[in-house]
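Just below is one structure, and these are the notes that go with it.
Bear in mind these aren't lab numbers, they're just calculated from the coordinates by the rules spelled out. Everything numeric in this text was worked out from a predicted model, so none of it was measured. Note that we place each Cβ from the backbone using ideal geometry, even for glycine, and neighbour counts take in every protein chain shown.
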Amino acid sequence: MDDELEQDVLDKIDAHRPETFPGGSYPSPTVDEPGDDDIVAMLTDQIETEATDGCHVDPDGVCPHGHPSWLVVLKLV
């Protein structure tokens, strides 16, 4: 897993605007995209929302490593 980003960098990231991420786009996922059942479970709060690197995050959040939630990437929130 990537190193954690400095808080000032994380504070500037808007999960819904890929251009605000370091490098100007979402980082490449390091885990497989969740299946339909897992996505539904994330949307209905049955399981924790996962970031594209496997960290647990808020549904519209970014993990400390700078990866957005799958729900944001898939434009579901």
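For the chain, the set of GluC sites (Glu not before Pro) satisfying both a DSSP loop assignment and a count of at most 14 other C-beta atoms within 10 Å is given as E4, E6, E48. Between I47, I13, I39, the GNM of the chain built on Cα springs shorter than 10 angstrom shows I47 fluctuating the most.
Fully extended, how many nm does the chain gain between V9 and D60 (0.36 nm per residue separation, minus their Cα-Cα distance)?
Additional length available on full extension: 16.7 nm.
Think of each Lys and Arg Cβ as +1 and each Asp and Glu Cβ as -1; about the Cα centre, that makes the dipole of the chain roughly 300 debye.
Each 5 Å bin from 0 upward holds the following percent of the Cα-Cα pairs of the chain: 3, 18, 30, 26, 13, 8, 2, 0.
Structural descriptor for the chain: relative contact order 30 percent, calculated from alpha carbon pairs under 8 angstrom and at least 6 residues apart.
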